[in-house]
Structures are given as structure tokens and as C-alpha cells.
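Quick notes on the structure that follows.
The values are calculated or read from the model by the stated rules, or taken from the named source; none is laboratory data. None of the values given here were measured: they were computed from a predicted structure. Note: ideal-geometry Cβ built from the backbone for every residue, glycine included; neighbour counts use all protein chains shown.
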Amino acid sequence: MLKRFFLTCSGVDTDIINECSNGEQNKYAGIGATVFFTAVMAFIASSYALYTVFDNYLIAAIFGLIWGLLIFNLDRFIVSTIKKRDSKWKELAQATPRIILAIIIAVVISKPLELKLFEKEINQVLLTEKNQMTLDNKAQIAQQFTPEIEQTNQDIAALKKEIATKESETDALYETYIAEAEGRKGTLLLGKGPVYAEKRQKHDAALADLKQLKIANNNKILAKEANLTNLVAAQKNQESSTQPIITNFDGLMARITALGKLPLIPSLFIFLLFLAIETSPIFAKLISPKGEYDFKVEDNDTAIRNWVAQKVDQREAMLKTDIIINKKVYEDISEEDELYDYKRKKARELMQLQADAFYKKQQNML
């Protein structure tokens, strides 16, 4: 039962192969088994690749099964269409397009399995890339908010500096009128004289201005600090909202790109393995000598080709004979007086009808 299934997978004519020896059947059963297991590997590889895209086992399995059947059909077609020839060069020329197709299929099958085999290494590469992307993302977002944040901090510092400057001026005026009262500076007279009163008045006026300035600047500082808090919160929010995009950067294309950054040799060996599996049925047919099955297929093809050529030749001969007979028949008829008189009578009647029709048309016009 299993042998018959593999023979079906090889694409052979079951009616012919059943008439062949057991060894010939085993050869093609082996080719069919290679075709079948290649399709199984294609199913596994495509299912994993599609799972990384859809993140759903059922969808990945369904589309993976479709892809596996497609690869099975292609391989079966490739193997079944290679015919044994008398010249190996002709066989190789016949198989070259199919070998190219087999190479393409090997690439498609091997790549998803490489992604699975090197999953840990790929995850490490993706982690490094994600970390760098996170830093780059924060730097780009900071470029949007940093100028306004720095300007706000400068405005707050300027308002505080203005208060500090006014405080320094007020303290200086305070020191001046106290020194005047103590006789250390100014008039050097101890006591609260007119000069003291004047300096005290300047200090009190400056102190009142300082209080007003503090109230006004503190309100401005509070507003700018609130704006600064909002800017920092907006920056953090934008970083948080864009981070999931970076976190989910592990799709099929990202993994293939990460795989390309790993050493080439391991991937090359896996590709060569699948290339050998994919092309083994083709090369098995190319290197094997003509067997019983090949001779019988060639015998059937030759018989059909000769039968078709014979039928075509018979039809051509029949056509030529029919043309000659028809020509002779019509030549004989053309010499008969009875046919001549009959056609003359009908021609006269036709001309009379034409004359009558013309007369009636001219009469209606008048």
C-alpha cells in the first residue's frame, strides 16, 4: 500500500509500472518518497513562517498545507516530465529549467526552517536592534520637545534671576539706611536724620516693588513649571505610545534581515541540504540508466507517434485522391449538352426577370 502511494507520488504511469519488475518499481517508489517528504518539509517550513506572520496556529496550518500541496504538485510534475534520452547532454538540457525551479523551491523551503533553527540567535540580534531603535526613538522624540523645554527652563531661570537681582538691590538699600543710622557710612552721624529717612523711603519703595515682582514672577514661574510638566509628560507619553511598535518588531521580514546578519556558513549548509533533497529525484533520473519502465514508455510514445503520423498521411492521401476525382467528374459534366441547355434556359429566365425589374423601377420613378 505504501509502495503504491509512493509510486503515485513519483508521477509514473501506474499501468506501465505495474508491468515492470520489482526493482524498477522500488526505484520509482524511492523517487516518490523523496517528492512526498520534500512536500512535508515544505508544509512544516511554511507553517512556521506563516505563524510568525499571523500568530495563529490554525491559519498557519491551513496555508502551510496549501503550500505543501503546491510544492508536492510541482515536484511531481518536474520528475514526471523528465524523459530518458539516448544522450546525457540532451537529458541535462531537458532538466536544466527544472533544476533551476528546484533551486528556487529549495530556497523557499529552507529559509523558514533556518529562522526556526537559529531562533535564539535571531532573537539576540533583534534585541540589540530593538534597544538601539529605542534609543534612537527617544532621541528623535527629544528633538521635538527639547527646544521648548530648554526655553521654558531659561524663562524660569530669568524670572528667578530677576527676583534675586531685585532682592540684592533691596538688601543694598537696607544696608545703606542702616549704615546711615549707625553712622558708619553716608553723613557718619549717628541717629535717624533726614538722610536716613530718605534712604529708608527708597528701601521701602524697593521692598514694595520686590513684593509685587515676586508675586508676578512666581505666578509666571508656576505657569511655566506647569507647562514644563505637561511637555515632559507629553514626551514620555509619545515614547510610551511608540514603544509597542518597536517591541513588536519581530515579523517575518525583520527575522529574515536578522538572519542575514548571522554567519553565512550554517545557513549555507542548511540550504545545500534542502537543495540536495529537492534535486535528488531529478538527478536520480538523470544518472540512472534506462530501465524497463523507460523503454516501455518510449515504446508507447513511439507507437502513438507512428499511429498519428500514419493517420495524418492517410488523410492527406485521401484529400489528394478526392481532389483528383472531383476535378475529373466536373470536367466530364462540363461536356454534356443537356447540362448546357439547362443552364442556358435558366440564364435566359434570370435575364428576363432582371429586365422586368428594371422596367418597373424606371416606371415608378416617372
Of the listed residues (Gln212, Gln235), the one being within 30 Å of Glu148 (Cβ to Cβ) and touching a residue at least 60 places away in the same chain (Cβ under 8 Å) is Gln235
Scanning region 10-24 residue by residue, the ones that are surrounded by 18 or more Cβ atoms within 10 Å (Cβ to Cβ) and either aromatic (Phe, Trp, Tyr) or not in a helix (DSSP H, G or I) (or both) total 3
So Phe274 clears everything in (1) over 17 Å from Ile105 (Cβ atoms); (2) surrounded by 15 or more Cβ atoms within 10 Å (Cβ to Cβ) except one condition, right? Which one?
(1)
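Conditions tested, residue by residue: (1) assigned by TED's automatic domain parsing to the domain that holds Ala206; (2) at pLDDT below 85; (3) out of contact with any Pro (no Cβ under 8 Å at 6 or more places or on another chain).
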| residue | (1), (2), (3) |
| --- | --- |
| Ile100 | no, yes, yes |
| Val107 | no, yes, yes |
| Leu127 | no, no, yes |
| Thr146 | yes, yes, yes |
| Glu150 | yes, no, yes |
| Leu159 | yes, no, yes |
| Ala172 | yes, yes, yes |
Under 7 Å by Cβ, and 6 or more places apart or on different chains, what pairs join a residue from region 262-285 that is touching a residue at least 60 places away in the same chain (Cβ under 8 Å) with one that is outside any helix (DSSP H, G or I) and of a type in the set (A, V, I, L, M)?
Ile282/Ile82; Lys285/Ile82
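State whether one or more residues within region 106-116 are within 19 Å of Leu286 (Cβ to Cβ) and part of a helix (DSSP H, G or I).
yes
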Any idea which of (1) outside any helix (DSSP H, G or I); (2) without any contact (Cβ under 8 Å) to a residue 12 or more places away in the chain; (3) surrounded by 10 or more Cβ atoms within 10 Å (Cβ to Cβ) is the one Lys290 doesn't satisfy?
(2)
